[in-house]
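For reference, the structure discussed in these notes is given below.
The values are calculated or read from the model by the stated rules, or taken from the named source; none is laboratory data. Note that this is a predicted model, so its numbers are computed, not measured. Because the Cβ atoms are built from the backbone with ideal geometry, glycine has one as well, and the counts that use them run over all protein chains shown.
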Amino acid sequence: MSATVMQRRPAVRALLADRPADLLVIAGLGTPAYDLFDAGDHDGNFYLWGAMGGAAMVGLGLALARPANPVLVLTGDGEALMGLGALATIGARKPSNLSIAVLDNGHFGETGMQRSHTSLGTDLTAVAAACGFAWTATAATVEEARALAPRLADRSGPALIRLVVGAEPLPKTLPPRDGAYLKTRFRANLGLAPA
Amino acid sequence: MSDATAPADTSTAAWKDAVFAALKGTGVTIVNYVPDAGHARLISLAEADPEITTVVLTTEEEGVAASAGAWLGGARAVLLMQSSGVGNCINMLSLVEACRFPMLMLVTMRGEWAEFNPWQVPMSRATETVLAAMGVRVVRVERAEEAAEVVSAAADLAYGSEQAVAVLFAQRLIGRKVWK
């Protein structure tokens, strides 16, 4: 693979450069969750360790509950493909504060690096556009990813950002996996009391 | 459509209005739903209410994830579906248990009483078993006069104690689907 292919962790750090204080981030299971944690843990991060296909919908529920906060869903192409219907649901609801960033390496990296549908014909930006997303973008370089960062908070969504990244294996950097802890921490960050 | 001409499962009925009032009374502001004739009245009331955000889903497990996300942000959501949709939720309910999210599901039963369509029967038979297996508390509503109270109590259990609760509306209560 060419040395010019963007690596996923610099891509995530570029997208989260100058992270807005009120930005809330949902990470899909697997490598995107590790990438988000590697970019810097934050009480406004919620890491999924399962719920494959559900990351975008967790983001939609959050975006509707917190219309004043920008919400980012950071996930992978395999996770996004499993929940493709969510793009139609989000396109129907059109939350302006929701962005979905897909780390697209064209492979199912957690399960043996089989080629995914994005290597076999599916263009997730075209799907999102066809579902009524307000805008989509593709970033293939760190500079392009960094240029999109300010748009996460500009309430112009729903948006789908495709980050074209390499499929090289990386060391795992594991966030906490106690879901109740992560939930309570996330809610406390928003001033919400435990039950 | 008036009650005189509507099939029973899409008709208006006082208990359906009372269920909506119970949801409002417990602070639900988001209604995630897969359309179902038995829920048609509830959905139309929700869509007409400026304090309620409705989300039409392409499949039921989307609603499990969306309701969890709503709670992360401090909002109470309810998920409406038909019994056939319960099967679509199975793995996503792991999210609910792993994070101890509250989850309130209102399920209209098919395939259990005067059912015309045999394809509805298997999932109907499995509905309670599947929910229980995934840690969801199940309560059935058989009589119209108890519906609102059961929904209100289920909501209090779900949101007060961060539990997953499914209220199953019996097909006999919903009424016959008219095939003509």
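Is it the case that residue A:83 is in contact (Cβ under 8 Å) with a residue 12 or more places away in the chain and over 11 Å from the mean Cα position of the chain (by Cα)? Yes; evaluated as a whole, the condition is true for this residue. Of all residues in the range B:97-127, those satisfying the criterion of being among the aliphatic types (A, V, I, L, M), away from chain A (no Cβ under 14 Å) and either surrounded by fewer than 18 Cβ atoms within 10 Å (Cβ to Cβ) or free of Cβ contacts under 8 Å to residues at least 60 places away in the same chain (or both) are B:114, B:121, B:123, B:126.
Here the range A:112-153 is the region considered, the condition is being more than 18 Å from residue A:93 (Cα to Cα) and β-branched (Val, Ile, Thr), and the residue that is surrounded by the most Cβ atoms within 10 Å (Cβ to Cβ) is A:118.
For the residues B:132, B:158, B:153, the requirement of being more than 13 Å from the chain's Cα centre (by Cα), surrounded by fewer than 21 Cβ atoms within 10 Å (Cβ to Cβ), under 18 Å from residue B:95 (Cα atoms) and modelled with pLDDT of 95 or more singles out B:132.
Scan the range B:66-93 residue by residue and report those that are farther than 16 Å from residue B:120 by Cα and part of a helix (DSSP H, G or I). Listed by number, the residues that qualify are B:66, B:67, B:68, B:69, B:70, B:71, B:72, B:89, B:93.
Among the residues of the range A:164-188, those that are under 20 Å from residue A:44 (Cβ atoms) and more than 10 Å from every other protein chain (Cβ to nearest Cβ) comprise A:173, A:174, A:175, A:176, A:185, A:188. If we keep just the residues of the range B:29-86 that are charged (D, E, K, R) and surrounded by fewer than 19 Cβ atoms within 10 Å (Cβ to Cβ), which is farthest from the other protein chains (Cβ to nearest Cβ)? The qualifying residue farthest from the other protein chains (Cβ to nearest Cβ) is B:49.
When residue A:58 is tested against the conditions (1) crowded, with 24+ Cβ neighbours inside 10 Å; (2) within 8 Å of another protein chain (Cβ to nearest Cβ); (3) more than 16 Å from residue B:66 (Cα to Cα), the lone failure is (3).
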